[in-house]
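J.: The following block contains the structure, expressed as structure tokens.
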Amino acid sequence: MDLKRYEIKAKEDYKDHKKLAQDLKKKKPKDLDKVASQLHEEAFTKIDCLECANCCKSISPIVTDKDIQRIAKHLRLKPSRFVSEYLNLDSENDYVFKTQPCPFLGADNYCSIYSVRPKACADYPHTDRKKFHQLLNLSLRNTTYCPAVYEVFSGLKDHYKKK
């Protein structure tokens, strides 16, 4: 996978994708969730997360209290120790990993805590969720990190410009 190519394309198309996101938020097409979900499925027939893992290398998920409890138990650590070793509070008072890439990402792009990973990681890239119009701004930002999100936005652009 050529991440550099996706990054360049995402930057080139960012203004168009931003306008699309604004239009979709205003119009809230009834079929948006269905179309986004179909495009999500299509994107992942072409893109293998294990070849990429750019999300794990570039951005930190929000780590909730439930995540902390679950991961700490899995690692046989006290939650407070897990927090002090791995997490920082960001500007919005959310816990995020101290380091990028993620401290649990292996050289083979596999996650060493996959079965107990943060909910935000499990849900990423959020392009197949209900009420997708509420996630358009987040997804727009993610077009620059995730080739699958870029593909979804490109598909949305093609789909809705026909209408």
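J.: What is the local net charge at His74, summed over the other residues whose Cβ is closer than 12 Å to its Cβ (Lys, Arg +1; Asp, Glu -1)?
T.: Local net charge: +3.
J.: Still on this structure, I have one more. At 0.36 nm per residue, and after removing the present C-alpha to C-alpha distance, how many nm does the segment from Lys19 to Lys73 gain when stretched out fully?
T.: 15.0 nm
J.: Work out how much length Glu41 to Asp123 would gain on full extension: take 0.36 nm times their residue separation and subtract the Cα-Cα distance, in nm to one decimal.
T.: My answer for the length gained is 28.1 nm.
J.: Using the Cβ atoms and a cut-off under 14 Å, what net charge is assigned to the surroundings of Lys11, where Lys and Arg are +1 and Asp and Glu are -1?
T.: Around Lys11, the charge tally is +2.
J.: Ok, one more. May I ask you to sort Glu51, Glu42 by Cβ crowding, counting other Cβ atoms within 10 Å and putting the fewest first?
T.: Ascending Cβ contact count within 10 Å gives the list Glu51, Glu42.
J.: Radius of gyration and Dmax for the chain's Cα atoms, expressed in Å?
T.: Every Cα atom of the chain included, Rg and Dmax give 17.0, 54 Å.
J.: I would also like to ask the following. Could you give each residue of segment 15-27 its phi-based ³J(HN,Hα) in whole Hz, using Karplus coefficients 6.51, -1.76, 1.60 with θ = phi - 60°, and x for Gly or Pro?
T.: 4, 5, 5, 5, 4, 4, 4, 4, 5, 5, 5, 5, 7
J.: May I pose another question? Taking a threshold of 25 Å on the Cα-Cα distance, which of the pairs Lys66/Lys130; Lys34/Lys119; Lys27/Lys130; Lys4/Lys57; Lys9/Lys30 fall above it?
T.: Lys9/Lys30
J.: Can you sort Thr64, Thr143, Thr45 from fewest to most other Cβ atoms within 10 Å of each residue's own Cβ?
T.: Thr45, Thr64, Thr143
J.: Counting other beta carbons within 10 Å of each residue's own, what order do Leu89, Leu77 fall into, fewest first?
T.: Leu89, Leu77
J.: Separate question: Thinking of segment 62-122 as a set of Cα atoms, what percent of all their pairs are more than 16 Å apart?
T.: So the portion of pairs separated by more than 16 Å is 41 percent.
J.: Moving on. Can you list residues whose amide H is under 5 Å from Val63's amide H, if they're 5+ apart or on another chain and H is modeled 1.01 Å from N?
T.: Distant-sequence amide H within range of Val63: Tyr95, Val96.
Just so you know, all these numbers are worked out from the coordinates, no wet-lab data involved. None of the values given here were measured: they were computed from a predicted structure. Neighbour counts are summed over all protein chains in view; Cβ atoms, including those assigned to glycine, are modelled from backbone coordinates with ideal geometry.
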